[in-house]
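The structure appears right after this line, and notes come after that.
The values are calculated or read from the model by the stated rules, or taken from the named source; none is laboratory data. Because the structure is predicted, anything quoted here is derived from the model rather than measured. Don't worry about glycine lacking a Cβ; one is built from the backbone with ideal geometry, like all the others, and counts go over all protein chains shown.
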Amino acid sequence: MAKTHKRRKSSRMHGRGAGSHGWGFRKSHRKKGHRGGKGMSGTGKRADQKKTLVIKLYGNKYFGKQGITSRGTERDKRRRINLGTIDKNIESYGKKEGDKWTINLKNYKILGGGEVANKLVIKAKEASKSAIEKVKKAGGEIIVSK
């Protein structure tokens with residue numbers, strides 16, 4: 001009479017060796033278990049299986065130290081802009097009134113980098129000495145409001 005039911009390999013291999021059931025080293029025939037759990041678990045010392053995920057999703061920010069060094073360190077959040085940038089993109093920043101350009105940058109600090117070719121009237125929160133000088137030389141002014 002023919003055999004109708006073949007026992008599973010796992011039930012036949014009880015107590016015979018390393019528990020690999022004929023699949024070579026033990027790790028290779030677990031399911032996804034040896035890769036760790038969800039998310040970034042299993043990204044340990046030998047975590048080559050997550051390398052592409054880390055590089056694509058996190059870019060260069062995953063490895064190494066980032067962020068503030070101490071909790072007491074406040075980051076300077078003031079917005080800054082150079083005069084050269086304003087002068088290059090003057091149409092997007094202000095309106096022309098007569099021969100002068102009026103520019104409203106009330107949340108910015110104006111820095112003196114770059115050259116000024118136009119007469120500018122800038123409303124700003126702060127301005128550096130060099131920026132004020134350059135604008136005055138060009139025939140404009142910076143109105144600083146606190």
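Given the structure, is K134 in contact (Cβ under 8 Å) with a residue 24 or more places away in the chain and in contact with a helix residue (DSSP H, G or I) (Cβ under 7 Å, 6 or more places away or on another chain)?
Yes; evaluated as a whole, the condition is true for this residue.
Would you check if there is a residue in the range 83-105 being touching a Gly at 6+ places or on another chain (Cβ under 6 Å), without any contact (Cβ under 8 Å) to a residue 24 or more places away in the chain, of a type in the set (A, V, I, L, M) and assigned by TED's automatic domain parsing to the domain that holds S130?
For the range 83-105, residues touching a Gly at 6+ places or on another chain (Cβ under 6 Å), without any contact (Cβ under 8 Å) to a residue 24 or more places away in the chain, of a type in the set (A, V, I, L, M) and assigned by TED's automatic domain parsing to the domain that holds S130: present.
If I ask for residues that are more than 14 Å from G140 (Cα to Cα) and of a type in the set (F, W, Y), which ones from the range 94-120 would you list?
Y108
So in the range 67-92, with the set limited to residues that are surrounded by 13 or more Cβ atoms within 10 Å (Cβ to Cβ) and of a type in the set (D, E, K, R), which one is farthest from the chain's Cα centre (by Cα)?
Here the answer is D87.
Only one residue in K50, K100, K109, K129 is buried (at least 16 other Cβ atoms within 10 Å of the Cβ) and modelled with pLDDT of 90 or more, so which one is that? Walk me through it before giving the result.
Values: K50 fails: modelled with pLDDT of 90 or more; K100 fails: modelled with pLDDT of 90 or more; K129 fails: buried (at least 16 other Cβ atoms within 10 Å of the Cβ).
Among K50, K100, K109, K129, only K109 is buried (at least 16 other Cβ atoms within 10 Å of the Cβ) and modelled with pLDDT of 90 or more.
N60 - would you say it is at pLDDT below 75 and under 26 Å from the mean Cα position of the chain (by Cα)?
yes
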